[in-house]
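S.K.: One structure is given below, represented as structure tokens, and several questions about it will come after.
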């Protein structure tokens, strides 16, 4: 069985800085291949709190270098490799997260077996899972979402991006996780609730999960928003909770 554990559901800077919601990203487990995706502030604490230990990790993936997606990447590398005493694992990240104003510290890079640069249309394999980065997102820094495929159902993760018409076609998957920061359009390159609804209605996954909430979405009660979207799209939509575990059945 494959599972996703939400180590945080907060996504906007004020909400994250106040820790009104946790911000540790996702812990993915594909038949024993464990990955930390976007380890933001508190990822290490949130993982160990749930008895998910970085020494179990096979790899760490960054969708982009913004702090709410990457601030704990170095702590997770230390944990994955037992402080470099047991070098292992792979770090996947966009080029600018590694080269321009890098967020992965250089002294830690020798601790891992591989560092892989993500790019548009890339295909990757680690352990029992394959994944791809189908399209570059529209965001202030180099950013990608993901399609993961283990032995069972596929998982799409739409990370931070402005909406564009072709987006849905790149994320056909059995399960879908969507980062939704905004209730209404705002001069920021993030998805709104209505744009998430449009994506879900086109992709029509078995189940969609909303996460990475901004303050306006949180105040609007995302669990109520999810119930409304379920009715309007005919797709089962959930609002993630900190610590929630999603089983890909």
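S.K.: Report, for segment 105-235, the % of DSSP beta bridges that are antiparallel, rounded to 5.
M.R.: Close to 55 percent.
S.K.: List the relative contact order of segment 18-60 as a percent without decimals, with contacts defined as Cα pairs under 8 Å and 6+ residues apart.
M.R.: 38
S.K.: GNM, the chain, Cα, under 10 Å: largest mean-square fluctuation among 95, 50, 198?
M.R.: 50
S.K.: Can you say what percent of the DSSP beta bridges in segment 2-248, counting only those with both residues inside, are antiparallel? Round to 5.
M.R.: Taking every DSSP beta bridge with both residues in segment 2-248, the antiparallel ones total about 50 percent.
S.K.: For the chain, what is the mean residue ellipticity at 222 nm derived from helices alone (per DSSP H run of n ≥ 4: -39500 (n - 2.57); sum divided by total residues; nearest 500 deg cm²/dmol)?
M.R.: Working: 8 runs with 57 residues, N = 249.
Computed ellipticity for the chain at 222 nm equals -6000 deg cm²/dmol.
S.K.: Also: Roughly what % antiparallel, to the nearest 5, for the DSSP beta bridges in segment 68-154?
M.R.: Rounded to the nearest five, the antiparallel share is 65 percent.
S.K.: Could you compute the FRET efficiency for residue 227 and residue 51, with r as their C-beta to C-beta distance and R0 at 30 Å, rounded to 0.05?
M.R.: 0.45
S.K.: Can you give me the C-alpha center-to-center distance between segment 170-249 and segment 50-122, rounded to a whole angstrom?
M.R.: 27
S.K.: Mind sorting out which of (1) 16.6, 52; (2) 19.1, 57; (3) 23.0, 77 is the real Rg and Dmax of the Cα atoms in Å computed from the coordinates?
M.R.: The calculated read-out lines up with (1).
S.K.: Can you compute the modelled spin-label distance between residue 166 and residue 130, with each label point 7 Å from Cα toward Cβ, in nm?
M.R.: If labels sit at residue 166 and residue 130, their model points lie 2.2 nm apart.
S.K.: Just want to confirm a number: the relative contact order over the chain, from Cα pairs under 8 angstrom separated by 6+ residues, in percent. Write down the numbers at each step before the final one.
M.R.: Details: 632 pairs, mean separation 45.1, N = 249.
Relative contact order for the chain comes out at 18 percent.
Each reported figure results from applying straightforward, stated rules to the coordinates on display, with no laboratory input. The structure displayed is predicted, hence computed values, not measured ones. Note that each Cβ is placed from the backbone with ideal geometry, even for glycine, and that neighbours are counted across all protein chains shown.
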